[in-house]
Amino acid sequence: MKAQGVMSPIRKLDRVLTEEVSAGCQLTIEDENGEAYQIVATESQIKALIEDLSAYLSKAGTEDELVDHEEMGDE
């Protein structure tokens, strides 16, 4: 079992690159400071990530529509 370390500070995402490798999908994640991290994810992990991001986008879209609707009603 790996020891859990201290979490690093939150950084803003600059870009993500993907590449198919024998072990799955390699994600290269670069932060605003130019620091890059490489992570290999399995197909099931990528699918779970896509589902989470889709749910986030759906929720964000719904919230945007509510704000637009409220702003239109305020005019």
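Quick notes on this one:
- The Asp52 and Val6 beta-carbon pair, evaluated with R₀ = 35 Å, returns a calculated FRET efficiency of approximately 0.90.
- Using a cutoff of 8 angstrom between alpha carbon atoms and counting only pairs six or more residues apart, the relative contact order for segment 1-57 works out to 24 percent.
Read-outs: derived from the displayed coordinates by stated rules, not from any lab. Worth saying up front: this structure is predicted, and the values here are computed from it rather than measured. Positions of Cβ are backbone-derived with ideal geometry, glycine not excepted, and every protein chain shown enters the neighbour counts.
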